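To start, the structure itself, in structure tokens.
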């Protein structure tokens, strides 16, 4: 398939938040001929239609009609609940995917769909600290990973089309087992989010508004994620609670060790040395 040929001629996006809205904008920029329909609340749809991101706006999945790609972009638990209804609105040889931050639950639920339904779990890793269509960007996925989690029943041609779709939007697609995806995301994404949010809550309550005026860039940079929307993260935590718990336990254990050894320079130094080493690894190729 040529990179100029759209892998899907029609797509429908259920949920026009940051990710769903950014997909719509990116498709419009990359493949203007592709017809984009969306399901969301009237005010969100009006904003998206006014910006030219979508061609059709409907408030219920049943109003969509057939589509080549149906992308579930609501919060994680809502996506799972919408699977069966959404599967009834696909064209022959169509594909359904999602953009949720956890994958085990929806992959399990999709396994119970009629055999003719093609579902491949997906997670574009290109978020931002604020959610909603107002913060959507056509370049959100450029240079960023887009992980797909096909099970053994997923046809190779469906994965190939999704790879072409993600690549066309500038992302770097790959595949991964759903369980391994959720384990990694617990440490790479979910733990940092919860840590930043709890840190900001504790600091804010201790310093209050006047005290926060004294804060430097360290606190500002460290707590950037604390502006993230609670509704998205409530579902992520519920759907990945077991491995998030493991990640939190590891953090709590290290903080407890540090708390008991604040006067021991070697313990404090070890934390900083190890952190700097892994930070350098994290930043390779990013600066």
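Things worth noting here:
- Bridge type composition, the range 10-176 - antiparallel percent by DSSP, nearest 5: 15 percent
- Against the chain, whose longest principal axis comes from its Cα atoms, helix 18-30 is set at around 50 degrees.
- Result for the chain in a Gaussian network model with C-alpha springs under 10 Å: among 272, 163, 141, the largest mean-square fluctuation is at 272.
- Note on the chain: antiparallel DSSP beta bridges, both residues inside, total approximately 15 percent of the bridges counted.
- Here the extension length gained between residue 201 and residue 234 equals 10.2 nm, from 0.36 nm per residue of separation less the Cα-Cα distance.
- Listed residues 265, 65, 170, most fluctuating in the chain (Gaussian network, C-alpha, under 10 Å): 265
- Comparing mean-square fluctuations of 78, 193, 152 from a GNM of the chain with C-alpha springs under 10 Å, the top value falls on 152.
- Rounded to the nearest 10 degrees, the angle from helix 76-87 to the longest Cα principal axis of the chain is 10 degrees.
- Here the contact order of the range 65-110, divided by its residue count and restricted to Cα pairs under 8 Å and six or more residues apart, works out to 51 percent.
- For the pair the range 130-151 and the range 199-259, the centres of their Cα atoms are 23 angstrom apart.
- Think of it as helices only: each DSSP H run of n ≥ 4 in the chain is worth -39500 (n - 2.57), and spread over all residues that comes to -15000 deg cm²/dmol at 222 nm.
- Volume per residue of the convex hull around the Cα atoms, evaluated for the range 125-249, comes out as 135 Å³.
- The chain: relative contact order as a whole-number percent, Cα under 8 Å and 6+ apart: 17 percent
- Shape category assigned to the range 181-283 from the gyration tensor of Cα positions, a/c cut at 1.5: oblate
- Spin-label pair residue 137-residue 188: with each label point 7 Å from Cα along the Cα-Cβ axis, the two points sit 2.0 nm from one another.
- C-alpha long axis of helix 191-212 to longest principal axis of the chain, angle in °: 60 degrees
- Value of relative contact order over the range 10-176, rounded to a whole percent, pairs C-alpha under 8 Å and six or more apart: 24 percent
- Sorted by Cβ density within 10 Å, fewest first, the residues 67, 175, 102, 223: 175, 223, 67, 102
Bear in mind these aren't lab numbers, they're just calculated from the coordinates by the rules spelled out. All figures in this text were calculated on a predicted structure; none of them were measured in a lab. As a convention, Cβ positions derive from the backbone with ideal geometry for all residues, glycine included, and neighbour counts pool all protein chains shown.
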